[in-house]
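All remarks here apply to the structure that follows.
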Amino acid sequence: MTIRLLLADDHRMLREGLRRSLTDEGFDVIGEASDGAEAVEMAAALLPDVVLMDVTMPDVDGVEATRRLKSSHPDIPVVMLTMHADETVIADAMRAGAVGYLVKDCSTDEIAETLKLATNADTTLSTELAGVMLDEVRRIDPVPADDSDRIVTKREVEVLQLIADGCSTQEVADSLYISQKTVKNHLASIYQKLDARDRTQAVLQAVRMGIVRLT
């Protein structure tokens, strides 16, 4: 199935380059937004499978646009794209609901793979970026005292650790000799217990609580 993609970046040449490259990778680029407000409007109108969102845009930046978009359309995944891996921005993007974070010097293959994973709700976690995000979240938002009351089962811990190691849903299922559906059921339970939107937030919350570790 062809993935319907919305691009949001205020640099026209970059958008054109991304459109050509990602079209060659099999994506259907259904819209291009030049600022955050336009990205939110176009996403609501076009309902793309995934949005590739630049962080730095005029008027409404990518983080705020992601926050607005996820508020109205929580099922549309957003992958952030930026010039630099800034710790505070990464933490803000995660809080806003972004499922991935890419630096603009990454390859087209890396962008395409991340977008494909995002549409499957199967975004793998970059250990390097996760570590940066975790440090920033710890600094801004210390673990509340009552976090220990959230009971995660032994099997859920196993699932979380494999996700933290960068495994996909299929790889988790293969490692634990269970079905993908069972993995997804465990993840749904984990999200509820840890008050997380997705696997990235769940893993970061679990690391903060000392449930799993980043290797």
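The values are calculated or read from the model by the stated rules, or taken from the named source; none is laboratory data. On a predicted model such as this, the values are computed, not experimentally measured, just so you know. Here the Cβ is made from the backbone with ideal geometry for all residues, glycine too, and neighbour counts use every protein chain on show.
Reported count of residues in region 172-191, each being under 18 Å from V99 (Cβ atoms) and without any contact (Cβ under 8 Å) to a residue 24 or more places away in the chain, is 4. Note on region 197-215: among residues that are in a loop (DSSP other than H, G, I, E, B) and modelled with pLDDT of 80 or more, the one that is nearest to V99 (Cα to Cα) is V212.
Checked against (1) modelled with pLDDT of 95 or more; (2) over 25 Å from L204 (Cβ atoms), V51 passes all but a single condition, namely (2). Condition check for K70 on (1) more than 23 Å from V203 (Cα to Cα); (2) among the charged types (D, E, K, R); (3) in contact (Cβ under 8 Å) with a residue 60 or more places away in the chain: one failure, at (1). Scanning region 73-85 for residues that are in contact (Cβ under 8 Å) with a residue 12 or more places away in the chain and more than 18 Å from D9 (Cα to Cα) returns H73, P74. The criterion of at least 3 residues that are over 20 Å from the mean Cα position of the chain (by Cα) is met by the following helices (runs of 4 or more DSSP H) wholly inside region 1-96: 12-24, 36-46.
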